[in-house]
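The values are calculated or read from the model by the stated rules, or taken from the named source; none is laboratory data. Given the structure is predicted, the values throughout are model-derived calculations rather than measurements. Cβ placement follows ideal geometry from the backbone for every residue including glycine, while neighbour counts extend to all protein chains displayed.
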Amino acid sequence: MSTTPQTDTPEEAADMVENDGAEQDPTATMQADLDRFRDLALRSQADFDNYKKRAAREKEEAIKFANASLLERLIAIVDNFELGLSAARAEGEGSPIYSGMSMVLKQLSDFLADNGLQPIDAEGQKFDPNLHEAIAHEPSADVPEGTVVRQTRRGYRLKERLLRPSSVVVSSGAGK
């Protein structure tokens, strides 16, 4: 039968070893070391599990937004295409050039939407600095203060992330 008392934690074992002073029980010392290394192993395993989860999240995020720079460059092309479409509209909406450009713009817009790009419609909305970039203030008797009067450049989101804010003119309320 063993006369060595059981310890619950490494600290208790260390206290017992210190209390014995000259007499150090090798079993208590080994138990304290075992408990310390068991705790270290559990902490290391938890750290490694957290690392694996974080790496998986970062990989998923990288895949999700991998084409962001390509889509951002395509937005500039869409902007110019819409300007061209506005000019073609001057010739008449029945013209073959206008019809063709409209179809190409729709295909391009559908492609961007399929890839997670969503336009932000700002006109008539309350100004939100997280989505809009105010380029001017304009007095308006019809539109309440802090509301977007007109959008000069459309903004876009890629999934839930803002890719480009809308450039807007914001109402400063009724002119005085």
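Quick check: anything in region 88-95 within 23 Å of Pro165 (Cβ to Cβ) and exposed (fewer than 12 other Cβ atoms within 10 Å of the Cβ)? Looking for residues that are within 23 Å of Pro165 (Cβ to Cβ) and exposed (fewer than 12 other Cβ atoms within 10 Å of the Cβ), one finds none in region 88-95, hence no.
For the criterion of being modelled with pLDDT of 85 or more and surrounded by 12 or more Cβ atoms within 10 Å (Cβ to Cβ), Ala14 fails. The single condition among (1) modelled with pLDDT under 90; (2) surrounded by 11 or more Cβ atoms within 10 Å (Cβ to Cβ); (3) assigned to a helix (DSSP H, G or I) that Gly124 does not satisfy is (3).
Of the residues examined, Gly100 is one that is out of contact with any strand residue (DSSP E or B) (no Cβ under 9 Å at 6 or more places or on another chain), assigned to a helix (DSSP H, G or I) and at pLDDT below 90.
Does region 72-82 include one or more residues that are aromatic (Phe, Trp, Tyr), assigned to a helix (DSSP H, G or I), at pLDDT 90 or above and not assigned by TED's automatic domain parsing to the domain that holds Leu162? No - not one qualifying residue is present in region 72-82.
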